[in-house]
Amino acid sequence: MLSVRHEALGISESLMASAIKLSAISNQLSAISYQQSAISNQLSAISYQQSAISYQLSAISYQLSAFVNKTGNHLFNLSYVSLMH
């Protein structure tokens, strides 16, 4: 009877140790999940920043195009005037 108790106690201690290990693993997985969530949020913020930069570059491109068109028109007008005189 004594050996059965010792065996049961050993199994119980082994199960307790396994439960503690599983709890530690669960905590680590939870921490990893929070880190992945933080990384996901950072990537999302970067994506929004890239979109904003793209929009700004598009606006600059439009302004440069308008400037080049104006400058081209002025140069054409100047050359036309100089040819007429």
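The candidate values are (1) 55; (2) 69; (3) 126; the one derived from this structure for volume of the Cα convex hull per residue in Å³ carries the label (1).
Computed per residue of the chain from DSSP H runs no shorter than four, each worth -39500 (n - 2.57), the mean residue ellipticity at 222 nm is -37500 deg cm²/dmol. Accessible surface computed residue by residue for the chain, with neighbouring protein chains in place and a 1.4 Å probe, gives 94 Å² per residue. Estimated from the Cβ-Cβ distance and a Förster radius of 30 angstrom, the FRET efficiency linking SER40 and ALA17 is about 0.30.
Could you work out how far helix 2-84 tilts from the main Cα principal axis of the chain, as a 0 to 90 degree angle to the nearest 10? It works out to around 0 degrees. What is the percent carbon and sulfur in the accessible area of the chain, measuring with a 1.4 Å probe over the protein chains and ignoring ligands? Ligands and nucleic acids excluded, carbon and sulfur reach 65 percent.
The values are calculated or read from the model by the stated rules, or taken from the named source; none is laboratory data. The structure displayed is predicted, hence computed values, not measured ones. Ideal geometry is used to build each Cβ from the backbone, glycine not excepted, and the neighbour counts take in all protein chains shown. When the accessible area is computed, the model is the full protein with side chains, heavy atoms only, and any ligands, DNA or RNA have been set aside. Shrake-Rupley method; radii C 1.70, N 1.55, O 1.52, S 1.80 Å.
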